[in-house]
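Following: one structure in structure tokens, then a few remarks.
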Amino acid sequence: MITIELTPYDSEEVVFDRASKKLGVPKNSVVIRKKSIDARHKNNVKIIYSVDIKTQQEKTYQTIETNKNVVVIGTGPAGLFCALTLVRHGIKPIIFERGDTVENRTKKVESFCKGGALDVNSNVQFGEGGAGTFSDGKLNTGVNNGLIAQVLQDFVDCGAPKDILYLAKPHIGSDRLKTTIINLRKKIEAQGGRFIFNTTVTDFNFKDNKIYSVTAGGNDYPADLVVLAVGHSARDTFNTLYKKGVLMESKEFAVGLRIEQLQDLINEDRYGKFKNFKTLPPADYKLVSHATNRSVFTFCMCPGGVVMPATSEENAVVVNGMSNYLRDEVNANSAVIAQVKKSDFASSSPLAGIDFQRMLESRAFILGGKNYNAPVMLAKDFINGDKPKGIENVLPTYSRGYTVSDLTTIFPKDITQSLQKGLLDMDGKIKNFASNGAILSGVESRTSSPIRILRNENMQSVSHQGLYPCGEGCGYAGGIMSAAIDGIRVGESLFQSLIK
């Protein structure tokens, strides 16, 4: 492994020329292991490559034959990668998805964005691919796990851009992710997995706290082992499981608003004189403020992206960020969110966080005009607690429509004040981050699951045998990569239970 530094003036082909000479091998034997941008000194930006010689490695899987009925619920990254793991071991699960295939789901999302009706089962939150399908396809993660390389390679094998294998902050883009998801589904089907779309699992049937079937679409399906990869917005499923006595607890999360600035402003701040160089990606940022007793931080930053209507329930407004592979839209956007504590909830119920989210989403719906418009406000007006005065040079990208409103009325006072001080603090870290026309939209409430379904060291529910809580929805992941990794781990654990 060697390191090669380039400037923004250099093309990537230079890497292969230099590495070939240093390693003494042909250029086609050189592989990039990692690429990152060093922009600590914005007028001396460097592109850092770690390169090596190609090696061929292929993992093998032990297979079994089983008469056990295995069910996976959900086709987000956790569910898909769990199902992929199972079929590789010769296990042929039924995979239920309340929403539509990604092809039809995309049509429904586009229709809603243009003013059409909301499909509560097939939207930005629900449907094949999960919530991440419409949020840029970011693959960077804080998790340090040897399964990362496997997940990335599986994505590439299914059509994702090859650069995700080595970028420090890999992303597929919402446009390319859809094709990748379709190919992943076909790979699972080719090895025996069976998908049932547009079918919600409405009940879980236990005997002596052991699962024996699930009810879906009005029919009962035998189920000896069930993987719960339902996503963080499956509120009805959480309620059903709670009534069945499945042990769970409320979990702290974060809420806030989505901020938009001109992408040129972010490029200028990070790259200086190199801001227009095509060899550099659209600049991003990650900011944290500790100005109050609640941490305020940016989340799911989308360079060159748009703000999406992301509700899955009627009479609620939720916003999220999305960008395509090229990240070439005019605005940058990011969530700016504050910690929510259990003391903020109205009760001690494990489902209290859901009630808190719904309260905020309902207020945003009312502020937007009760037509799924997003309420928006200049960031500087929000910080100062001023009456909203309209918009300036940054145009909101929320395609459903927007209404200028007082966003300070959405949150409890303490959270509002934390967001105000956090935004002011961030404006000092990136010049004009929250001024010069920066616009806020609300509400960002689905940052992570508000519950955790408790599981043991074998990744089964601590209270109900044969039930495997999995992924972000059950409280064990936070993004595409960590959810996919958890899906693999649950799949492997389930396989181990069958060979014992």
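The values are calculated or read from the model by the stated rules, or taken from the named source; none is laboratory data. This structure is a prediction, so every number in the text was calculated from the model and none was measured. Positions of Cβ are generated from backbone atoms using ideal geometry, with glycine treated the same way; all protein chains shown enter the neighbour counts.
Mind counting the residues in segment 426-481 that are polar (S, T, N, Q), under 29 Å from Y285 (Cα atoms) and not in a loop (DSSP other than H, G, I, E, B)? Counting residues in segment 426-481 that are polar (S, T, N, Q), under 29 Å from Y285 (Cα atoms) and not in a loop (DSSP other than H, G, I, E, B) gives 1.
Would segment 340-354 turn up any residue that is crowded, with 19+ Cβ neighbours inside 10 Å, assigned to a strand (DSSP E or B) and within 17 Å of the chain's Cα centre (by Cα)? Within segment 340-354, none of the residues are crowded, with 19+ Cβ neighbours inside 10 Å, assigned to a strand (DSSP E or B) and within 17 Å of the chain's Cα centre (by Cα).
For (1) under 30 Å from I48 (Cβ atoms); (2) in contact with an Asp or Glu (Cβ under 9 Å, 6 or more places away or on another chain); (3) touching a residue at least 12 places away in the same chain (Cβ under 8 Å); (4) not assigned by TED's automatic domain parsing to the domain that holds G127, each residue gets a yes or a no:
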{"position": "P281", "(1), (2), (3), (4)": "yes, no, yes, yes"}
{"position": "K286", "(1), (2), (3), (4)": "yes, no, yes, yes"}
{"position": "T292", "(1), (2), (3), (4)": "no, yes, yes, yes"}
{"position": "T298", "(1), (2), (3), (4)": "yes, no, yes, yes"}
{"position": "G321", "(1), (2), (3), (4)": "yes, yes, yes, yes"}
{"position": "V330", "(1), (2), (3), (4)": "yes, yes, yes, yes"}
{"position": "K341", "(1), (2), (3), (4)": "no, yes, yes, yes"}
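For S312, state whether it is hydroxyl-bearing (S, T, Y), buried (at least 23 other Cβ atoms within 10 Å of the Cβ), touching a residue at least 40 places away in the same chain (Cβ under 8 Å) and not assigned by TED's automatic domain parsing to the domain that holds K107. Yes.
Using the structure shown, decide if E313 is more than 23 Å from S418 (Cα to Cα), over 15 Å from the mean Cα position of the chain (by Cα), among the acidic types (D, E) and not in a loop (DSSP other than H, G, I, E, B).
Values: more than 23 Å from S418 (Cα to Cα): yes; over 15 Å from the mean Cα position of the chain (by Cα): yes; among the acidic types (D, E): yes; not in a loop (DSSP other than H, G, I, E, B): no.
Considered against the rule, which asks whether it is more than 23 Å from S418 (Cα to Cα), over 15 Å from the mean Cα position of the chain (by Cα), among the acidic types (D, E) and not in a loop (DSSP other than H, G, I, E, B), E313 comes out as no.
Confirm whether I259 is closer than 19 Å to N393 by Cα and part of a strand (DSSP E or B).
On the way: closer than 19 Å to N393 by Cα: yes; part of a strand (DSSP E or B): yes.
The answer is yes for I259.
Quick grid of which residues meet (1) under 30 Å from S174 (Cβ atoms); (2) part of a loop (DSSP other than H, G, I, E, B); (3) polar (S, T, N, Q):
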site	(1), (2), (3)
R33	yes, no, no
S36	yes, no, yes
N43	no, yes, yes
S50	yes, no, yes
K59	yes, yes, no
I64	no, yes, no
K68	no, yes, no
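Filter segment 489-500 down to the residues that are modelled with pLDDT of 95 or more and surrounded by fewer than 24 Cβ atoms within 10 Å (Cβ to Cβ), then identify the one that is farthest from the chain's Cα centre (by Cα). Per the stated criteria, the residue is L498. Considering every residue within segment 388-396, establish whether at least one is buried (at least 17 other Cβ atoms within 10 Å of the Cβ), touching a residue at least 60 places away in the same chain (Cβ under 8 Å), touching a strand residue (DSSP E or B) at 6+ places or on another chain (Cβ under 8 Å) and outside the structural domain of F345 (by TED's automatic domain parsing). No. Applying the condition of being within 27 Å of the chain's Cα centre (by Cα) and surrounded by fewer than 23 Cβ atoms within 10 Å (Cβ to Cβ) to segment 419-431 and asking which residue is nearest to L262 (Cα to Cα) yields I430.
Scanning segment 13-54 for residues that are touching a residue at least 60 places away in the same chain (Cβ under 8 Å), closer than 18 Å to Y271 by Cα and either of a type in the set (A, V, I, L, M) or surrounded by fewer than 15 Cβ atoms within 10 Å (Cβ to Cβ) (or both) returns S36, I37, A39, N43, V45, I47. Residues in segment 288-308 that are farther than 21 Å from D136 by Cβ, of a type in the set (G, A, S) and touching a helix residue (DSSP H, G or I) at 6+ places or on another chain (Cβ under 6 Å) were compared, and the one that is surrounded by the fewest Cβ atoms within 10 Å (Cβ to Cβ) is A291. Of all residues in segment 1-30, those being part of a loop (DSSP other than H, G, I, E, B) and hydroxyl-bearing (S, T, Y) number 3. The single condition among (1) touching a Leu at 6+ places or on another chain (Cβ under 7 Å); (2) of a type outside the set (D, E, K, R); (3) within 21 Å of I488 (Cβ to Cβ) that G76 does not satisfy is (1).
Name the residue that is surrounded by the fewest Cβ atoms within 10 Å (Cβ to Cβ), counting only residues in segment 91-113 that are over 17 Å from D175 (Cα atoms) and out of contact with any Ser or Thr (no Cβ under 8 Å at 6 or more places or on another chain). So, considering only residues that are over 17 Å from D175 (Cα atoms) and out of contact with any Ser or Thr (no Cβ under 8 Å at 6 or more places or on another chain), the one surrounded by the fewest Cβ atoms within 10 Å (Cβ to Cβ) is K92.
Run down T85, T66 and say which single residue is touching a residue at least 12 places away in the same chain (Cβ under 8 Å) and under 29 Å from the mean Cα position of the chain (by Cα).
Values: T66 fails: under 29 Å from the mean Cα position of the chain (by Cα).
That would be T85, the only listed residue that is touching a residue at least 12 places away in the same chain (Cβ under 8 Å) and under 29 Å from the mean Cα position of the chain (by Cα).
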